[in-house]
Amino acid sequence: MLTREGVAQNILDERELLQAAYRYALALTHREDDAEDLVQEAWLRLYQKYGGKVERPRLFAAVRNLFVDQHRRHQLVAFEPYEDEHAGAVDVGDSVTMDDLEPALAELRPEEREAIFLSCVEGYTAREIAEFSGRPRGTVLSLINRGKRKMAAVLNKMWGDESEAAS
């Protein structure tokens, strides 16, 4: 028999799970409405199939699979050559806000955003991301590396322009 405290804890756990899934979906889609739709559809499908036992890996996989299905449906195929000119570190100072990162994240392909999100925000290893996404570990490492380089180039350009304007 569930106590009132047990029910409250279950609701909090589900809310945290949905928030994590939303952050993941937002990293994939880069659009709030699309992220909400992905999480809602994934949650509904899993809830109908498994009842109240929706686990984090299963929800993340469902969100990813729905995203890939939608991506394929819209036939959004983009080929980008690898460019080594984006190497370089960015001095971000003491803190970076999400507003600072938005322009850089917008430049990434969905696959790169996904890999960086899972690695940097959720703390998954490259091996875990590879298992999770169905990609080889080397591909995941490459996506993370390329994504970081692209972000660094955008941030260097953005902050370089700001420092020149301040001079």
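All of the numbers you see were taken from the coordinates with simple rules; none came from a lab. It should be emphasised that the depicted structure is a prediction, and the values quoted were computed from it without experimental measurement. Neighbour counts run over all protein chains shown; Cβ positions are idealised from the backbone, glycine included.
Kindly state, as a whole number, the per residue volume in cubic angstrom of the convex hull around the alpha carbon atoms of the stretch 4-73.
Convex hull of Cα atoms, per residue: 79 Å³.
Among 34-42, 117-125, how do they line up by average Cβ neighbours within 10 Å per residue, starting with the highest?
Order by mean packing, descending: 34-42, 117-125.
Cβ neighbours within 10 Å, averaged per peptide: list 107-114, 46-53 in order, most packed at the top.
107-114, 46-53
Which FRET efficiency value, to the nearest 0.05, is calculated for Glu102 and Arg127 with the Förster distance at 22 angstrom and r the Cβ-Cβ distance?
0.15
Can you check how the C-alpha radius of gyration of the stretch 110-163 compares to 2.2 N^0.38 Å, as a plain ratio?
Ratio of Rg to 2.2 N^0.38 Å for the stretch 110-163: 1.28.
How far apart, in nm, are the 7 Å Cα→Cβ label points at Tyr50 and Arg137?
2.6
According to a simple spin-label model (label point 7 Å from Cα along Cα-to-Cβ), what is the distance in nm between Met158 and Arg109?
Simple spin-label model gives 2.2 nm for this pair.
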